[in-house]
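Scroll down for the structure; my scribbles are underneath it.
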Amino acid sequence: MSTVIPTIVQPSLAPILALPRGISGETPDALRAWFLARGEPAFRARQVLDAAWRTGAASPAGISTLPAATRAALATEFTWDTVADTELQLSDGGDTEKALHRLGDGAVIESVLMHFPAAPGHRERNTLCISSQAGCAVGCPFCATGELGFGRDLLESEILDQVRSAARRLNSRGRRLTNIVFMGMGEPLLNLDRVLAAVEALNDPRRFGLGARHITVSTSGVVPGIRRLTALGPQFTLAVSLHAARDPLRDVLVPLNRRWPVAEVVAAAREHAAATGRRITYEVTMIGGVNDTDADATAMADLLRGDLAHVNLIPMNKVAHTPWSASPMPVIERFAATLEAAGIATTIRHNRGQEIGAACGQLAAEHAGTPTPAVVAHRRERLVASSAAAIRGERSSEPVPAGIDG
Ligand code: SAH
Ligand code: SF4
């Protein structure tokens with residue numbers, strides 16, 4: 001029997017195509033073509049790309065190498081910064097900075113910048129966690145973004161302007177962005193074409209120019225998307241949100257598993273590791289009494305034994321409307337020991353920015369409004385029943401979430 005899931009928010013956002021063109025979403029070829037069509041020399045594309053990506057010009061008016069008429073035309077045709085309306089919140093003594101970005105149509109998304117000071121054997125790292133969608137259609141029940149439901153896909157420029165914004169802030173402090181992770185709001189590989197184009201722009205030496213190994217795409221398991229990422233060629237890092245190694249429980253924790261079961265996801269990840277020589281990162285959000293038993297650890301060890309893989313165990317961050325919370329640390333340590341005994345590199349990670357709700361995957365719940373008590377009660381009841389059935393080994397009979405195909 002399938003249940004109708006009440007949505008907390010019904011976003012009614014303007015159609016994505018009505019949004020203005022952001023300059024950062026333009027490829028070098030598209031910009032060259034734009035100049036040629038206006039009867040201007042193609043080399044102007046280079047000047048614009050440098051201004052947008054390197055010198056941090058605040059608007060086309062600041063590109064002094066261009067004629068005034070060209071600057072005016074650029075300002076009319078393109079939005080220079082699609083996340084201009086940005087608010088900042090700090091935590092971890094200033095080392096974690098959450099940015100709320102209001103987009104052209106009023107949608108609010110978030111990115112999180114984390115500073116990791118240099119330590120013996122490690123250089124300083126500045127990692128930015130970016131969003132790929134407003135909300136998310138996958139609906140993992142422990143995730144604040146999933147609770148929002150799906151709003152809309154982000155444009156390529158809206159994805160990239162989160163990076164330009166953070167890079168500007170860092171540069172003004174004499175720091176440099178060293179890593180980008182697609183672990184903010186949304187399922188990157190369900191906004192596939194735009195995310196892949198953004199990933200290429202970040203890697204392109206004529207644009208952001210960050211090494212592929214420093215760009216991580218995290219997915220809940222969109223198999224055709226993983227294959228497309230692999231086919232791009234560069235050694236982008238793949239993170240897979242695994243959470244459970246057995247289908248009955250993963251069906252509940254990651255509803256996309258009903259479309260692409262865990263064995264298919266891991267097979268696609270192995271192909272990525274084989275093609276790129278890069279270890280796959282598997283993320284496991286540790287939920288007390290739900291996915292942290294010895295049987296779960298053994299199943300995960302059996303699934304990943306011998307793979308080019310690394311497992312990150314992350315204690316679940318509190319999310320307002322689920323009945324669940326983090327596994328106790330000794331339980332997480334025991335789970336890690338089982339994986340390590342099978343030869344699988346395992347780390348226990350603490351999420352940053354908890355007091356500002358800035359842990360990756362925990363973004364934007366505060367914009368969702370408060371669900372009615374009836375909706376909360378329904379969600380809790382459904383989760384308790386479905387996870388209990390999953391722990392008994394029964395597969396979910398609920399449908400694949402709406403909006404997921406491919
Ligand atoms: N949709 C993609 C990327 C965004 S979520 C994905 O699921 O991989 C980024 C990470 O945050 C995922 O591994 C997700 O499982 C994790 N996450 C979500 N909610 C969390 C919570 N409440 N506590 C800890 N990790 C969480
Ligand atoms: Fe979407 Fe990732 Fe959250 Fe799941 S964990 S609901 S896939 S953002």
For the range 323-348, what are the residues that are in a helix (DSSP H, G or I), in contact (Cβ under 8 Å) with a residue 12 or more places away in the chain and open to solvent by 20 Å² or more (accessible area, probe 1.4 Å)?
-> 329, 331, 333, 334, 338, 341
Tally of residues being open to solvent by less than 20 Å² (accessible area, probe 1.4 Å), in contact with a strand residue (DSSP E or B) (Cβ under 6 Å, 6 or more places away or on another chain) and part of a strand (DSSP E or B) across the range 82-113 | 11
Qualifying residues in the range 233-254 (those that are under 20 Å from the mean Cα position of the chain (by Cα), open to solvent by less than 20 Å² (accessible area, probe 1.4 Å) and more than 16 Å from ligand 2 (Cβ to nearest atom)) - the one nearest to residue 204 (Cα to Cα) | 236
Filter the range 308-322 for residues that are crowded, with 17+ Cβ neighbours inside 10 Å, assigned to a loop (DSSP other than H, G, I, E, B) and not polar (S, T, N, Q) and give the result.
-> 316, 319, 321
Residue selected from the range 44-72 under the condition open to solvent by less than 20 Å² (accessible area, probe 1.4 Å) and assigned to a helix (DSSP H, G or I), by the criterion farthest from residue 166 (Cα to Cα) | 70
Among all residue pairs at least 6 apart or on different chains, which show Cβ distances below 9 Å where the first residue, located in the range 295-311, is without any contact (Cβ under 8 Å) to a residue 12 or more places away in the chain and the second is surrounded by fewer than 17 Cβ atoms within 10 Å (Cβ to Cβ) and in a helix (DSSP H, G or I)?
-> none
Residue list for the range 288-303, restricted to those being within 16 Å of ligand 1 (Cβ to nearest atom) and either acidic (Asp, Glu) or in contact with a helix residue (DSSP H, G or I) (Cβ under 8 Å, 6 or more places away or on another chain) (or both) = 288, 290, 291, 292, 296, 300
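The values are calculated or read from the model by the stated rules, or taken from the named source; none is laboratory data. Since we're looking at a predicted model, the values are computed, not measured. In this analysis, Cβ positions are derived from the backbone assuming ideal geometry, glycine residues included, and neighbour counts consider all displayed protein chains. These area figures cover heavy atoms from the full protein model, side chains too; ligands, DNA and RNA do not enter into them. Shrake-Rupley method; radii C 1.70, N 1.55, O 1.52, S 1.80 Å.
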